[in-house]
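To keep things clear, I will list the structure first and then write my remarks on it.
The values are calculated or read from the model by the stated rules, or taken from the named source; none is laboratory data. Remember, predicted model here, so these are calculated numbers, not experimental data. Quick reminder, even Gly has a Cβ in these numbers, built from the backbone with ideal geometry, and neighbours come from all protein chains shown.
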Amino acid sequence: MPAIRNQIRELRALREMTQQDLADQVGVTRQTVIAIEQDKYSPSLETAFKVASALGVPLDQCFQYDPRGKR
């Protein structure tokens, strides 16, 4: 099964940004950020772009698609 992996937690930590900081910048709840970081929720494309923008990186640095489904 295909999987989308993310590096949000690591990128956020490098910037000393809390989950709430990121949530506020993206316009989602902290619980949504937690779910995305734990790969329990795949954000919409618009939200994914907002996350990347808030972290100051290209989209593909935040999210990677693995067609083999390995996490």
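Being outside any helix (DSSP H, G or I) and modelled with pLDDT of 95 or more: is that true of GLU16 here? Yes, satisfied. Taking each residue of the stretch 1-30 that is more than 14 Å from SER44 (Cα to Cα) and looking for partners that are part of a helix (DSSP H, G or I) and charged (D, E, K, R) with beta-carbon atoms closer than 7 Å, six or more apart or interchain, yields ILE8/GLU37; ARG9/GLU37; GLN19/ARG30; GLN20/ARG30; LEU22/ARG12; ALA23/ARG30. Search the stretch 50-71 for residues being out of contact with any helix residue (DSSP H, G or I) (no Cβ under 7 Å at 6 or more places or on another chain) and in a loop (DSSP other than H, G, I, E, B), and hand back the single one that is modelled with the highest pLDDT. The qualifying residue modelled with the highest pLDDT is GLY56. Scan the stretch 26-44 for residues that are surrounded by 15 or more Cβ atoms within 10 Å (Cβ to Cβ) and within 13 Å of CYS62 (Cβ to Cβ) and the total you get is 5. Residues that are touching a helix residue (DSSP H, G or I) at 6+ places or on another chain (Cβ under 7 Å) and either hydroxyl-bearing (Ser, Thr, Tyr) or closer than 26 Å to GLY69 by Cβ (or both) within the stretch 27-49 comprise VAL28, THR29, THR32, VAL33, ILE34, ILE36, GLU37, TYR41, PRO43, THR47, ALA48, PHE49, listed in sequence order.
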